[in-house]
Structure formats: structure tokens, C-alpha cells
Amino acid sequence: MMVTTTSPMRRRFETAGLWLLLAVGAAVMLFPIYWMLVTAIRPRDEVFSGDVSLLPSGWVWSNFVDALNHMPFLSWAWNSTVIAVVAVVITVSINLLCGYAFAKFRFAGRDILFIAVLSALMIPIQVIIVPLFLVVSDLGLLNNYWGVILPRAAEAFGIFMVRQFMVSIPDELLEAARLDGASELTIFLKVVVPLSKPVIAVLIIFTFMWRWNDFVLPLVILTDQEMYTVQVGLNLLKGQYNTEWTELMAIALLSLVPMLVIFVFFQRQLIQGIAGTGLK
Amino acid sequence: MADLSMTYPQAQSETSTSPISRWWRSNRSRLTPYLFIAPNLLLFSVFVFFPLLYAAYISVHQWSLIDVPEFAGSQNYARLLGDLQFWQALKNTVIYSAATVPTTLIIGLFLAIGLNRELAGRTLLRSMYFLPVVVSSVATALIAAWLFNDNYGVINAVLKQAGVGPVAWLSTPKWALPSIILTTLWVRIGFCMVVYLAALQSISPSYYEAAVIDGATRPQQFLYVTWPLLRPTTFLLLILNVIYSFQVFDLIYVMTGGGPGFSTTMIVQYIYRAAFANSEMGYASAMGIVLFALILLFTLIQWRINRRTEQFV
């Protein structure tokens, strides 16, 4: 908050002007989402009438049913859900273990290994997509859930975040448990994990979002239409039904539902996770 | 090994029979951290580090997937230098980055400063700017394709009423890239805003109090207090956004497919086409390596500049 020396009257005008500017901007930002909803529920002929009114003349919820009848969205959603949920379980478990080791143990090669983890952040999947496809293919995992889960299960960003969080766990707690004769795994599960709930929540939310929204890896690995995820399916629809905008928007909206739920209920965790990248 | 077991004398007196379990008992505490990082390290090795090396290997071969890789030396890289389409894709990527990165940073900073003030409904306003962050790039591309639709899109409808349009947004090379740039701004602004907001909130108010005592006006406060203290954040956002825009794929693949013509084909798009449409694995890998080198180079340059300017502050 900046401290000012200007007069209160002028300051009030400034604030009002700023507010108006920000509010108009926010409306512009929200408009595409609103327009998707309106296109999805408005009577079909109205979409192509040329005159675009801000409000639909009627709410045709059956547009969604029609879309679901025409497009195998539910099977894609199932694939995406399986992939995202399994990925969350694996990524969160192994990232917690790994971040904990980097935060709380001293061992030979620790710094080198941590730099290796950080350097994985520098290698975008788009750069290695060709050899990655070949590796997954050699492992016999094409058109297999594991073919998209395993390559992205280790998440450098997650390890980094967990480590930053766990550094602040007091060593005394861990030492006390060790003196009580607890095994390292017990200490991790009974002492460290309960203390790490905030970072676990952030990790779960981000991993789910990343895997649900992933496109290029599933596009390359899951070529069988039965294995399509929501995003790969949407891309197919864009090619096949490029004039059926009502149904396309209905399906696009449905594809956003999990993300909108996360956005509404876990916005604090989302902001924490993103702000964390900027501050550390 | 012998002296290690001396430090854990109880290990020898235990009743374990096999030498392996005895060795494990005496070294358990030393091995624990390695076991904890092992799953991640294994996955990174197989799915990140090995593919990078593999890409380097394939990039010096001629390979169409069905035949045997044939050594080609620097041929793929030489071909790349003379490939006009590659240069076009690189040019598109640079234009796209130059148009999106500074703009998202400036707008994001402006929003963060504005929404850091006491304003009515600022939490809601922040949420509205932030919402696109959770929308997948494929869904974004679909929505944008509909908004920019030549005949029935709402943008052209508004332009028509204002007497300026319609504009053939996605069907002409001239306007396709600007459409994608505008869409990218929509996607990225909220991210920059959130990172800047967090940074602003970590600046101690005492700096501003001191500046006011020294008679600093509000623009001066921004110039001499806020901006220098935000430098590390700006630096980080710059790197993240450049990397993002150099590897952009999903949005464009779905929105325009790289067209019309070659007008919106970016490097990753071109790599994808070489590998999965033309089966030129060697050539595609060579371009992947070049892209990686570019990203690495840019980050290093940024790093150097940032360190040098910080010495003068």
C-alpha cells in the first residue's frame, strides 16, 4: 500500500476511476466464459441468426443432452478422471518423500541431485516429445493409461514446493520420534505428513489440474479413440463438428466443470501455489 | 564396511541371519534419503534425462521409425539452417513472444498494483482476472475460435455494429497471429497478476513511509521503491513467460492448426509435424535440441543481465 500526500477529494476521484477501469477489464476477462455458457444454452437457430444479443431468448438445457448423445464425452471424461486421480496419488506420494529427503536429510550428493531435479524444470515436454514418444512406445505403453501417467509423475515443481515447505518443520520433532525408536517411514507418515497438509492440498490441486488439462502427451500417446482424454477429444470435435457451435460450447463447458469446482472451492491453494513460484 | 558396523554394535548382536539384512540394518539410516528420492530420480531419468540424450542421438541420424536409424552426422542441423519454413516458424515464435511477454507483464503489474489497494469487491475482481488460469488451452482455443469466428463470432458482430468490421480473423494470415496473441493475453495476465500481487504484499510498508518522509511523490515511490524491489519477480516472470511462449503448442494446434498457410506455425508445431506427420524423427529431434538450446541460452542471458544490474542497485 503506497502512502500518499494528495488531497482526499482527488484521491476519491482517482480511486473511482481506477475501480471503473478494473471492473471493465474484469468484465472483458469474464466475457469469453459467459459467452460459452450462453452459446451452449441458447436455441440453436439463434446462434446463427447473425444478430447477437447478450442474453439468450430461452434456456435450452437439452442442448447438453444432444451433445452428450452425439459425442462420447463421458468415456473421455472417465479416461481423464482415471489418469488424473492415479497421477495425483503417485505424484503426491513420491514428491512428498523426495522433498522431505532434500529438506531434512544430509547425504552425499544431495546438492548435485537437487540441481538435477531443478534442471528438469528447464526441459519442457515439447522439447523431448519425440524421444519421449519413442521411450513410451518401447516400453509398450502406447494407448495405455500408464503411458501418460508415468512420464509426468515426477514433478520438479512439486518437489521444489515440498522442500521449501518442509525445511521449516522443526528438527527436534523428528529427533524426538527417532529417540522413541520410530522407523524413518513411520516418522514420515506419522509426523511429517500431518504437518504438511497445506502443501499437500496445493500439490493435489495442481497435479489434478495439470493432468486434466494435459494435451500434447495424451495426443501423441493415446491415439486410439477409446483411450482419448477430454482434451484430445475436444480437439477431435473441433475438427469434425466445426460448425456445431452449440454442441461444441456445451462440451467445452462440461470439460471445464472440474476446473471450475476447483476454482470456486480452492482458489486460495491455487493462488498460494502460483505465488510460491514467484517468491522463492 | 567393517568399521561401519562398529558404529552400530547392536546390529551384529541381532539374530538376523542373511548378510544382506545385516548390512541393511547397519546402513539403514544412511540409505534412507536415497530410497526416498529414488522413485522420482528413476522417473526423471527414464522420462526426462534419457529422452534428452536420446534426442541428441537421434538428431544425428536419419530415421523414419520403420527403418534402421542411419548415421547422418550434422546433416539434419545443416538442413535446418537452409529450411525456410523452420526460419519462418522461428520468426513466428519470436514475434509471438515479443508481442505477448512484455504486454502480459505490464498489464499484470498494473492489475496487481490496482488490486492491491483497498477497493470495493477487489477479491471478486481478482478472481475474474485469475479465472482463465484454470481453463485448459484446448477449451480456450475452442472458445476463442468461436469468439473470432468470421461469420457468427461475437467480435465481428460488435465490429459490424461499430462500422469497422468484419475482420477475417482466423482465415487470413494477417489476422490469425493477432487473434492468437490476444487469446494468449487472456490466458496469461492472471498468472502474472497473482505473482506480482504476492510480491507487492511482501514489501514492508515502512519503505513507503520512509519515502514519504523524504517527500517522494507516488510516481517516485513506484520508481524508487516498488520497481527495484519487484526486480527479482519481474526477472522470474520474464523467464517463465518466454519459456511458455517458446514452447506454445496446444492453443495454436487447436485454434488454427498453424495456418492459414504457415502464418501461425511455431517451432513446436513444426517439430510435431516433422515427427508425427512426416516421420522424420532425426530432423524433428534436431529441431527439439535447437529449441532447448534457445531456451537455455535465453535463460542464461537473462541470468547474467539480472546479476549485473543488481550490482549497481
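The values are calculated or read from the model by the stated rules, or taken from the named source; none is laboratory data. Everything numeric here is computed off the predicted structure, so don't read it as measured data. Ideal geometry is used to build each Cβ from the backbone, glycine not excepted, and the neighbour counts take in all protein chains shown.
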If you go through the range B:61-93, how many residues are within 14 Å of another protein chain (Cβ to nearest Cβ) and at pLDDT 90 or above?
2
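So, in the range A:48-72, of the ones that are in a helix (DSSP H, G or I) and among the hydrophobic types (A, V, I, L, M, F, W, C), which residue ends up surrounded by the most Cβ atoms within 10 Å (Cβ to Cβ)? Show your work before the answer.
Start the filter on the range A:48-72 by keeping residues that are in a helix (DSSP H, G or I), which leaves A:62-70.
Imposing the further condition that a residue be among the hydrophobic types (A, V, I, L, M, F, W, C) reduces the set to A:64-65, A:67-68.
On the way: A:PHE64: 18, A:VAL65: 11, A:ALA67: 23, A:LEU68: 15.
Only one residue fits best here, namely A:ALA67.
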Would it be correct to say that A:GLY147 is closer than 19 Å to A:TYR100 by Cα and either not in a helix (DSSP H, G or I) or not hydrophobic (A, V, I, L, M, F, W, C) (or both)?
no
Reported set for the range B:50-60 where residues are over 23 Å from the mean Cα position of the chain (by Cα), under 15 Å from B:ILE271 (Cα atoms) and more than 8 Å from chain A (Cβ to nearest Cβ) is B:SER59
Could you run through the range B:212-230 and say how many residues are of a type outside the set (A, V, I, L, M) and in a loop (DSSP other than H, G, I, E, B)?
3
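Could you check how many residues of the range A:166-183 are in contact (Cβ under 8 Å) with a residue 60 or more places away in the chain and not in a helix (DSSP H, G or I)? Steps first, please.
Of the residues in the range A:166-183, the ones in contact (Cβ under 8 Å) with a residue 60 or more places away in the chain are A:166-167, A:169, A:171, A:174.
Among the residues that remain, those that are also not in a helix (DSSP H, G or I) are: A:167, A:169.
Total meeting the criteria: 2.
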Only one of (1) surrounded by fewer than 23 Cβ atoms within 10 Å (Cβ to Cβ); (2) under 26 Å from B:ASP250 (Cα atoms); (3) facing chain A (nearest Cβ under 9 Å); (4) over 16 Å from the mean Cα position of the chain (by Cα) is not met by B:ILE106, so which one is it?
(3)
On the given criteria, is B:GLU118 acidic (Asp, Glu) and either assigned by TED's automatic domain parsing to the domain that holds B:ILE189 or out of contact with any strand residue (DSSP E or B) (no Cβ under 6 Å at 6 or more places or on another chain) (or both)?
yes
Go through B:ILE267, B:ILE271, B:ILE252, B:ILE239 for me and flag whichever is more than 9 Å from chain A (Cβ to nearest Cβ) and either in contact with an Asp or Glu (Cβ under 9 Å, 6 or more places away or on another chain) or modelled with pLDDT of 90 or more (or both).
B:ILE252
Hits in the range A:9-47 - residues which are more than 34 Å from the chain's Cα centre (by Cα) and either at pLDDT 80 or above or assigned to a loop (DSSP other than H, G, I, E, B) (or both)
A:MET9, A:ARG10, A:ARG11, A:ARG12, A:PHE13, A:GLU14, A:THR15, A:ALA16, A:GLY17
Residue by residue through the range B:37-49, note down the ones that are under 19 Å from B:ALA293 (Cα atoms) and either more than 7 Å from chain A (Cβ to nearest Cβ) or charged (D, E, K, R) (or both).
B:PHE49
Selection count where residues are in a helix (DSSP H, G or I) and either polar (S, T, N, Q) or more than 8 Å from chain A (Cβ to nearest Cβ) (or both), scope the range B:186-206:
7
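B:THR123 - would you say it is buried (at least 21 other Cβ atoms within 10 Å of the Cβ) and not aliphatic (A, V, I, L, M)? Spell out the reasoning first.
Numbers: buried (at least 21 other Cβ atoms within 10 Å of the Cβ): no; not aliphatic (A, V, I, L, M): yes.
No; evaluated as a whole, the condition is false for this residue.
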Evaluate the following for A:ARG42: is it touching a helix residue (DSSP H, G or I) at 6+ places or on another chain (Cβ under 8 Å) and either within 7 Å of another protein chain (Cβ to nearest Cβ) or charged (D, E, K, R) (or both)?
yes
Residue check, A:VAL202 against (1) away from chain B (no Cβ under 11 Å); (2) modelled with pLDDT of 90 or more, all met but one. Which one?
(2)
Taking the criterion of being over 25 Å from B:SER136 (Cα atoms), within 7 Å of chain A (Cβ to nearest Cβ), out of contact with any strand residue (DSSP E or B) (no Cβ under 7 Å at 6 or more places or on another chain) and basic (Lys, Arg), would at least one residue in the range B:207-225 satisfy it?
yes
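Would you pick out the residues in the range A:238-266 that are crowded, with 18+ Cβ neighbours inside 10 Å and either more than 9 Å from chain B (Cβ to nearest Cβ) or under 14 Å from the mean Cα position of the chain (by Cα) (or both)?
Of everything in the range A:238-266, those that are crowded, with 18+ Cβ neighbours inside 10 Å and either more than 9 Å from chain B (Cβ to nearest Cβ) or under 14 Å from the mean Cα position of the chain (by Cα) (or both) turn out to be A:GLU244, A:THR246, A:GLU247, A:ALA250, A:LEU254, A:SER255, A:LEU256, A:PRO258, A:MET259, A:ILE262, A:PHE263, A:PHE266.
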So B:MET287 ticks every box in (1) touching a Leu at 6+ places or on another chain (Cβ under 8 Å); (2) surrounded by fewer than 23 Cβ atoms within 10 Å (Cβ to Cβ); (3) more than 8 Å from chain A (Cβ to nearest Cβ) but one. Which box is left unticked?
(2)
Would you check if A:LEU248 is hydrophobic (A, V, I, L, M, F, W, C), closer than 18 Å to A:SER62 by Cα and assigned to a helix (DSSP H, G or I)?
yes
Would you confirm whether or not the range B:144-167 contains a residue that is touching a residue at least 24 places away in the same chain (Cβ under 8 Å) and assigned to a helix (DSSP H, G or I)?
yes
Residues of the range B:145-169 that turn out to be facing another protein chain (nearest Cβ under 8 Å) and in contact with a Leu (Cβ under 8 Å, 6 or more places away or on another chain), as a count
4
Looking only at the range B:130-144, how many residues end up being at the interface with chain A (Cβ under 7 Å from one of its Cβ atoms) and of a type in the set (Ser, Thr, Tyr)?
2
Tally of residues being β-branched (Val, Ile, Thr) and within 15 Å of A:ARG152 (Cβ to Cβ) across the range B:29-66
2
In the list A:THR207, A:THR186, which residue meets the criterion of being assigned to a helix (DSSP H, G or I) and without any contact (Cβ under 8 Å) to a residue 40 or more places away in the chain?
A:THR186
In the range B:13-45, residue modelled with the lowest pLDDT [restricted to those that are in contact with a helix residue (DSSP H, G or I) (Cβ under 6 Å, 6 or more places away or on another chain) and over 18 Å from A:THR186 (Cα atoms)]
B:SER16
Applying the selection to the range B:177-202, what residues are in contact with a Gly (Cβ under 7 Å, 6 or more places away or on another chain) and either crowded, with 21+ Cβ neighbours inside 10 Å or of a type in the set (Asp, Glu) (or both)?
B:ILE189, B:CYS192, B:MET193, B:VAL195, B:TYR196, B:ALA199
The residue that is surrounded by the most Cβ atoms within 10 Å (Cβ to Cβ), considering only those in the range A:115-133 that are without any contact (Cβ under 8 Å) to a residue 40 or more places away in the chain and more than 9 Å from chain B (Cβ to nearest Cβ), is A:LEU121
